[in-house]
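Enquirer: Attaching a single structure in structure tokens format; questions to follow.
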Amino acid sequence: MAFRFLPLVCLLLLGFAPDDERPELPVTDTTDATIKAYKDGESKAPYFVQLHDKPAVGQFWETGSDSYDIDTSTRWQVSKLDGQTAIIEQQLKVDADMFKSDYVIAYRVRLDAGEGKPNVSKAWIGKPGEDPAEITVQEAPPDTEVPEEKPAEDLDETIEDFAAMKLGGGTWAGKLYTRVYGKEISQIWIASEGWFGGVIKLTAGDYTNQLRSFGSDAEPILKLTDEMLKDPPPKEDSKDGPGDDEPAKDD
């Protein structure tokens, strides 16, 4: 029966061994698994992407966090633009001791969609520098009136102005939203001149995510084509009916 305790003994020995004597554990790359989940339809792209006024090719906005010893970053950028249609790329990266990930989702976005309305008509996924694969976009729910939620009795929310906040190479002004729920406090700073929603900083307990960089000289991350900006031709009606040269009969 003693062999049952062998794994526990090994863990204890590893736990008390000096850091420089511990064996290095392999790092798991979850990129392929995530991409496969989207290709298989287990995960779907959102039907809405937050944009700012007057998007222009090359604009990028990158936020990130190193909380809990996990480095994460999200980069949004305008990679292609033609009239009222844009290709927006979102790169998501994670780098931790035991796992890592790096993939990109590209969205074809209608700029003329109404405020808050679904604006993603197509989406693709892939690794940086590679050809993307088309994935499924979530279906938007029907327009229905959502009853206004009553705030919890112990929830306190405040909104105040902020100015001259320096982050990511810029100086920002906007609104600070603070929510206090019991002993938990969360804050979010939204810059009035920011892009892709304008969030420049977010804190919740020990977690912090903030703007790292922004600019207007971004190059496409995936191998994008101009055809991705275009809608496919409408499919012909396959229902049985009169032939092309046969007029419909009157009753």
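Enquirer: Among Asp143, Asp156, Asp97, which is the only one that is over 20 Å from Gln210 (Cβ atoms), in contact (Cβ under 8 Å) with a residue 24 or more places away in the chain and in a loop (DSSP other than H, G, I, E, B)?
Expert: Asp97
Enquirer: Can you pull out the residues in segment 100-145 that are touching a Pro at 6+ places or on another chain (Cβ under 9 Å), of a type in the set (A, V, I, L, M, F, W, C) and over 16 Å from Glu219 (Cα atoms)?
Expert: Residues satisfying the conditions are Val109, Leu111, Val120, Ala123, Trp124, Ile125, Val137, Ala140.
Enquirer: Tally the residues that are in a loop (DSSP other than H, G, I, E, B) and among the hydrophobic types (A, V, I, L, M, F, W, C), restricting the search to segment 193-218.
Expert: Qualifying residue count, segment 193-218: 3.
Enquirer: Right, another one. Could you tell me which of the residues Pro151, Pro247 is surrounded by 10 or more Cβ atoms within 10 Å (Cβ to Cβ) and at pLDDT below 75?
Expert: Matching residue, one of Pro151, Pro247: Pro151.
Enquirer: Could I ask something else about it? Has segment 33-49 got at least one residue that is under 21 Å from Lys117 (Cα atoms), crowded, with 17+ Cβ neighbours inside 10 Å and hydroxyl-bearing (Ser, Thr, Tyr)?
Expert: Looking through segment 33-49, at least one residue is under 21 Å from Lys117 (Cα atoms), crowded, with 17+ Cβ neighbours inside 10 Å and hydroxyl-bearing (Ser, Thr, Tyr).
Enquirer: So Ile87 fits all but one of (1) in contact with a helix residue (DSSP H, G or I) (Cβ under 9 Å, 6 or more places away or on another chain); (2) surrounded by 14 or more Cβ atoms within 10 Å (Cβ to Cβ); (3) outside any strand (DSSP E or B); what number is the exception?
Expert: (3)
Enquirer: Another question, if that's okay. Somewhere in segment 108-120, is a residue touching a Lys or Arg at 6+ places or on another chain (Cβ under 6 Å) and either outside any loop (DSSP other than H, G, I, E, B) or of a type in the set (S, T, N, Q) (or both)?
Expert: The answer is yes; a qualifying residue exists.
Enquirer: List the number of the failed condition for Asp97; all other conditions in (1) at pLDDT 95 or above; (2) of a type in the set (Asp, Glu); (3) in contact with an Asp or Glu (Cβ under 9 Å, 6 or more places away or on another chain) hold.
Expert: (1)
Enquirer: Quick check on segment 137-148. Is at least one of its residues within 23 Å of Gln77 (Cβ to Cβ) and surrounded by 14 or more Cβ atoms within 10 Å (Cβ to Cβ)? Write out each step before concluding.
Expert: Residues of segment 137-148 that are within 23 Å of Gln77 (Cβ to Cβ), as a first pass: 137-138.
This time we only want the ones that are surrounded by 14 or more Cβ atoms within 10 Å (Cβ to Cβ), so: 137-138.
The answer is yes; a qualifying residue exists.
Enquirer: Now for a separate question. Looking at (1) part of a strand (DSSP E or B); (2) over 23 Å from Phe99 (Cα atoms); (3) free of Cβ contacts under 8 Å to residues at least 60 places away in the same chain, which is the only condition Thr74 fails?
Expert: Unmet condition: (2).
Enquirer: Okay, moving on. Quick check: anything in segment 143-160 more than 22 Å from Gly41 (Cβ to Cβ) and under 24 Å from the mean Cα position of the chain (by Cα)?
Expert: Yes, segment 143-160 contains a residue that is more than 22 Å from Gly41 (Cβ to Cβ) and under 24 Å from the mean Cα position of the chain (by Cα).
The values are calculated or read from the model by the stated rules, or taken from the named source; none is laboratory data. Since we're looking at a predicted model, the values are computed, not measured. Cβ: placed from backbone, ideal geometry, glycine included. Neighbour counts: every protein chain shown.
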